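Take a look at the structure set out below.
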Amino acid sequence: MRIDILTLFPEMFIQTLGTSIIGRAQVGNLVEFHFWNIRDFAKDKHRVVDDTPYGGGAGMLLKPDVVVDSIEYVKRFNQGPVIYFTPQGQTFNQQQAKILSTEQELILLCGHYEGLDERVRENWVDLELSIGDYVLTGGELPAMVVIDAVVRLLPGVLGDDQSAKNDSFYDGLLEHPHYTRPANFRGLSVPDVLLSGHHEQIRRWRLKESLRRTYYRRPDLIKTRSLTDEEKLLLAEIVNECSDERG
Ligand code: 4FL
């Protein structure tokens with residue numbers, strides 16, 4: 001996958017994307033990043049990239065001529081969709097990450113100031129994404145969040161045992177609790193079933209605890225997900241159990 005990133009702060013990305021799994025994906029040529037400083041497309045000797053809004057008021061906007069020149073320049077090398085990060089966009093989620101991971105190329109546009117001239121948004125942006133209902137200082141962190149979520153889904157990026165397929169084993173549910181050695185840590189024990197070696201009982205326990213977590217913490221996820229007969233049975237047990245056991 002080729003990802004071109006248009007930003008006023010390319011230096012923000014280098015450390016983050018060079019580290020750990022995404023860094024390894026770059027070294028293994030599974031993904032390549034190309035950074036473009038929007039300021040390099042400024043027209044004047046002071047390299048101004050922003051201007052005041054028509055109609056008055058606080059805040060600055062990115063100048064449309066500068067941003068569009070930067071987009072058009074990058075489109076010579078990258079024919080993928082132009083994605084702009086804004087709290088007004090569709091909320092990014094795992095489903096969106098899976099869809100984007102099937103693209104060969106992406107162009108990510110990171111805004112600053114109050115945002116983008118509406119004409120740029122309407123005519124040069126293909127997709128607007130939000131990573132949640134809060135205001136940041138710019139689109140760089142959202143871009144890195146989306147890159148991380150998308151690149152880890154590319155074939156070969158994760159090892160076999162951390163494979164993204166494991167994410168979808170209990171797709172749409174929260175993770176069950178995890179434990180590692182020692183079995184007794186400061187007097188705190190590990191659930192017996194996990195030490196039992198009974199693979200079927202362990203599978204069932206994990207599924208049930210995933211359902212319990214999801215039921216108490218994210219009931220919205222249970223409502224939108226269809227349940228298997230086994231899951232319905234386990235959920236009925238959970239609802240019957242006293243709620244001081246909630247995960
Ligand atoms: C973008 C916040 C996407 C959440 C300020 C500029 C933002 C954001 N998701 N805040 N861009």
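The values are calculated or read from the model by the stated rules, or taken from the named source; none is laboratory data. This structure is a prediction, so every number in the text was calculated from the model and none was measured. Counting neighbours? That spans all protein chains shown, and the Cβs are built from the backbone with ideal geometry, glycine included.
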* To do: Take residue 7 and decide whether it is farther than 27 Å from residue 171 by Cα and either modelled with pLDDT under 95 or surrounded by 14 or more Cβ atoms within 10 Å (Cβ to Cβ) (or both).
  => yes
* For region 5-58, what are the residues that are touching a residue at least 24 places away in the same chain (Cβ under 8 Å), under 16 Å from residue 115 (Cβ atoms) and outside any loop (DSSP other than H, G, I, E, B)? -> 6, 7, 38, 50
* To do: Determine, yes or no, whether residue 55 is of a type in the set (Gly, Ala, Ser), modelled with pLDDT of 95 or more and surrounded by fewer than 17 Cβ atoms within 10 Å (Cβ to Cβ).
  => yes
* Which of the residues spanning region 88-104 are over 14 Å from the mean Cα position of the chain (by Cα) and either surrounded by 15 or more Cβ atoms within 10 Å (Cβ to Cβ) or in a loop (DSSP other than H, G, I, E, B) (or both)? -> 102, 103, 104
* To do: Scan region 77-119 for residues that are among the β-branched types (Val, Ile, Thr) and in contact (Cβ under 8 Å) with a residue 60 or more places away in the chain and report the count.
  => 2
* **Selection count, region 154-184, where residues are at pLDDT 90 or above and not polar (S, T, N, Q)** => 16
* Asked: Does any residue in region 132-144 that is farther than 17 Å from residue 96 by Cα come within less than 6 Å, Cβ to Cβ, of a residue that is more than 6 Å from the ligand (Cβ to nearest atom) and not in a loop (DSSP other than H, G, I, E, B) six or more places away or on a different chain, and which pairs are these?
  -> 140/7; 140/12
* Verdict on residue 115 being touching a His at 6+ places or on another chain (Cβ under 6 Å) and either within 16 Å of residue 88 (Cβ to Cβ) or modelled with pLDDT of 95 or more (or both) -> no
* For residue 80, indicate whether it is surrounded by 13 or more Cβ atoms within 10 Å (Cβ to Cβ), small (Gly, Ala, Ser) and assigned to a loop (DSSP other than H, G, I, E, B). => yes
* Just need a number here: residues in region 112-147 that are surrounded by fewer than 16 Cβ atoms within 10 Å (Cβ to Cβ) and among the charged types (D, E, K, R). => 6
* Return yes when residue 172 is in contact (Cβ under 8 Å) with a residue 12 or more places away in the chain, farther than 27 Å from residue 28 by Cα, part of a loop (DSSP other than H, G, I, E, B) and within 16 Å of the ligand (Cβ to nearest atom) and no when it is not. => no
* Given the structure, is residue 120 in a loop (DSSP other than H, G, I, E, B) and over 21 Å from residue 96 (Cβ atoms)? -> no
